[in-house]
Structure formats: structure tokens, C-alpha cells
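*Asks:* Provided herewith is a single structure, encoded as C-alpha cells, for subsequent inquiry.
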Amino acid sequence: MKRIAIIASCIALVTLSACNNEKAAETKTEGVSTELINNPSTAEEGVIIDPEEAAKFEFEETVIEFGEISQGEKVKRIFKFTNIGKSNLIISDAKGSCGCTVPLWPRNPIAPGESGEIEVVFDSNGKSGRQNKTVTLVANTVPNTMVLAIKGDVLAPEAPVTPETPAL
């Protein structure tokens, strides 16, 4: 009997706790458009970002073709952008799709109307053929990620020609 009373008490606590959490969530979003999107990379937990007030990237280009290069060469390309949003643009992270693709990005906030650059270096050492490498930016934008790409062909050195051994 005592065991049943303990279980019933636990169920009651869980139910009350769940109801309180739902009520708290309703209070936070009361009077806010359902189209507002939470931006987990830069917003405090439970804070909703208004896309109309957020920072916004406008890139000159999001894909850069680097052409043909020889295996072992490094290629550096610059992605230029402007913050066309209403808030300071803060890039919190940038990651290449592999270790051969390294991004450098501005660590300071970019004010509305200001411009910045993302430098991407691709190291073709050990690569050959068509390459399509990406960099994913995480920022205080809606949505909070942006993907840039560099593409091109890596020409592997030709294998040395060896004379055939004479037949015996």
C-alpha cells in the first residue's frame, strides 16, 4: 500500500511539473507571432528572434569555381558579404567540410550596412578529380546557418612511364 502511495505521489508531481512548464512556455510566447523563429546559436534559451529585426547576409556569390589546379597546390578564395539586416551580424563559427578546407572569418560584429569577408583556403594535397568543398557559417541570422562552396578540379600528376622489360 505504501508503495502505491509513493508511485501516485511521483505521478502527481510529474503531471504538475509538466503543466507548469507548458504554462511558462505559453507566457513567454504570449502575444508573439508564431512565425518568429528561435535562433539557438545566439539567443538565450527561450528567446525568440524576429526575422525582420535580425542580421542578414547578402553574399556577392555563395559558390566559387577555382578552376583547375595541380595536386598539392593551395587555393585561397574570398567570399564578400554585406549585412543587410537591422542588427549587428555576429558569426559565431565557421567549419569546412573536411580538414583540407579552412575558413577565416571576422570575429567582430558587422554593423548593418557594413561588409566583411570570409577567406577559404583549400589544400589539394592528396586530392584528385572534381572537388566540391563547403564551409558552414553559424551566425545570429534566421536561419542561423549559411553554406558556401568552392569547386574545381585537382589534376593528379601522371604516373612515370617505365620502359617495358625485354622478353627473354
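The values are calculated or read from the model by the stated rules, or taken from the named source; none is laboratory data. A quick note: this is a predicted structure, and the numbers were derived from the prediction, not measured. Note: ideal-geometry Cβ built from the backbone for every residue, glycine included; neighbour counts use all protein chains shown.
The rows are residues; the columns are (1) under 17 Å from residue 74 (Cβ atoms); (2) at pLDDT below 95; (3) in contact with a Phe, Trp or Tyr (Cβ under 7 Å, 6 or more places away or on another chain); (4) crowded, with 18+ Cβ neighbours inside 10 Å.
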site	(1), (2), (3), (4)
101	yes, no, yes, yes
109	no, no, no, no
113	no, no, no, no
133	yes, no, yes, yes
146	no, no, yes, yes
150	yes, no, yes, yes
154	yes, no, no, yes
159	no, yes, no, no
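*Asks:* Follow-up. Take the range 100-127 and flag every residue that is free of Cβ contacts under 8 Å to residues at least 24 places away in the same chain and not charged (D, E, K, R).
*Replies:* Start the filter on the range 100-127 by keeping residues that are free of Cβ contacts under 8 Å to residues at least 24 places away in the same chain, which leaves 102, 104, 106-109.
Answer for the range 100-127, where residues must be free of Cβ contacts under 8 Å to residues at least 24 places away in the same chain and not charged (D, E, K, R): 102, 104, 106, 108, 109.
*Asks:* Output the number of residues of the range 115-154 satisfying the condition of being within 19 Å of residue 98 (Cα to Cα) and assigned to a strand (DSSP E or B). Break it down into steps so the answer makes sense when it comes.
*Replies:* Going residue by residue through the range 115-154, those that are within 19 Å of residue 98 (Cα to Cα) are 118-138, 145-154.
Right, trim to assigned to a strand (DSSP E or B) and you get 118-123, 129-138, 145-154.
Residues that pass the stated criteria total 26.
*Asks:* Would you please list the contacts, defined by Cβ atoms under 6 Å and residues six or more apart or on different chains, that run from a residue in the range 42-70 that is surrounded by fewer than 15 Cβ atoms within 10 Å (Cβ to Cβ) and assigned to a strand (DSSP E or B) to a residue that is aliphatic (A, V, I, L, M) and modelled with pLDDT of 90 or more?
*Replies:* Short answer, once both residue conditions are applied: 58/84; 63/149; 68/155; 70/155.
*Asks:* Scan the range 128-140 and tell me whether some residue there is touching a residue at least 60 places away in the same chain (Cβ under 8 Å), within 30 Å of residue 53 (Cβ to Cβ) and β-branched (Val, Ile, Thr).
*Replies:* yes
*Asks:* Still on this structure: Being at pLDDT 90 or above and not in a loop (DSSP other than H, G, I, E, B): is that true of residue 7 here? Lay out the reasoning, then the answer.
*Replies:* On the way: at pLDDT 90 or above: no; not in a loop (DSSP other than H, G, I, E, B): yes.
Taking the combined requirement at face value, the residue does not satisfy it.
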